[in-house]
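First up is the structure itself, then whatever we jot down about it.
The values are calculated or read from the model by the stated rules, or taken from the named source; none is laboratory data. Just so you know, these numbers come straight off a predicted model, no measurement behind them. Using ideal geometry, Cβ is built from the backbone for each residue, glycine included, and neighbour counts are taken over all protein chains shown. When the accessible area is computed, the model is the full protein with side chains, heavy atoms only, and any ligands, DNA or RNA have been set aside. Shrake-Rupley method; radii C 1.70, N 1.55, O 1.52, S 1.80 Å.
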Amino acid sequence: FEWDDGNMPSVMEQDWVIHIGAISSTTECDVDKVMRQNYDFSRQVFNACKTYGVNLQYSSSASVYGLGIDFSETAPPDPRNAYAWSKYLFERYHQQHQGGNIVQGFRYFNVYGPHEDHKGNQASPYHQFTEQALNARVINVFENSENFLRDFVPVETVIDAHVRFMELEVCGIWNVGTGKAKSFLDVANEVTEQYESRINYIPFPEHLKHSYQRYTCADMTNFNKAYSGV
């Protein structure tokens, strides 16, 4: 959307606003920067939509679950970095100030798909492993990656979720994943088979050990009920 003279998002002539912009790096250390972009701006969008009765969809993240093992939307949050906190705090803001318009939040799990070049080292393993295989025929994988499992969801599934939920007059926050977990090593093996490359194991970075999610798997119960109109 455009900006009006008061530096607020202009949403007056919209039916829906889909807000998925954010600093998505889980290793960004400038907390003020993350909070300005991810939390403060999201509140501005939310309030503008509420003022003018415009429906809103926004992206949240499975990072709000942290190191927990319960991946239902009612599970206790456990954010472990600035990115996760910014997403969780905006979810709370949504829940505390809901009213008048439809607001839908989606906790993305590990999204992958085309056009990830701009994401650098924050791109999905599918993208990073493919680039390494094509460029060097060697894929660098953290040691013990067979024990690191994530719910990898195709971007097409995410798009379908947004489109479908615009047809539903429901408010809330839902997981968007597949409900299945796959190890990083499994992903690497898929890529090596496709591009005839080999795997090179590298040490796990020390700075990630305190916050790294070793397992995510979306509980899709609530999403599936809403999606089917139940």
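Worth a mention:
- From its DSSP helices (H runs of at least four residues, each -39,500 (n - 2.57)), the chain gives a residue-normalised ellipticity at 222 nm of -9500 deg cm²/dmol.
- Take each peptide in 135-146, 170-181, count the other Cβ atoms within 10 Å of every residue, and average; sorted highest first, the result is 170-181, 135-146.
- The chain: angle of helix 41-52 to the longest principal axis, Cα-based, in degrees nearest 10: 30
- Amide H within-cut-off set for residue 149, under 5 Å, with H built and near neighbours excluded: 215, 216
- Rounded to 5, the percent of DSSP beta bridges in the chain classed as antiparallel: 15
- The candidates 148, 204, arranged from most to least accessible area with a 1.4 Å probe in the full protein assembly, appear as 204, 148.
- Between the helical axis of 184-195 and the longest alpha-carbon principal axis of the chain there is an angle of about 70 degrees.
- Amide H contacts of residue 60: 106, 107, 108, each under 5 Å away and 5 or more positions distant or on a separate chain (H built 1.01 Å from N in the peptide plane; Pro and chain starts excluded).
- Candidates 155, 163, 17: whichever shows maximal mean-square fluctuation once the chain is modelled as a Gaussian network with Cα springs under 10 Å: 163
- Angle in degrees between helix 82-97 and the longest Cα principal axis of the chain, rounded to the nearest 10: 30
- Summary of the geometry: the stretch 62-84 and the stretch 124-198, compared by the centres of their Cα atoms, lie 19 Å apart.
- Between 94, 207, 127, the Gaussian network model of the chain with springs among Cα atoms under 10 angstrom shows the greatest mean-square fluctuation at 207.
- The HN-Hα couplings worked out from phi for the stretch 132-145 by the Karplus form 6.51 cos²θ - 1.76 cosθ + 1.60 (θ = phi - 60°) are 5, 5, 5, 8, 10, 6, 9, 10, 8, 10, 4, 4, 6, 5 Hz, whole numbers, x standing for Gly and Pro.
- DSSP bridge pairs, the stretch 102-230: antiparallel proportion in percent, nearest 5: 10
- Comparing mean-square fluctuations of 125, 203, 77 from a GNM of the chain with C-alpha springs under 10 Å, the top value falls on 203.
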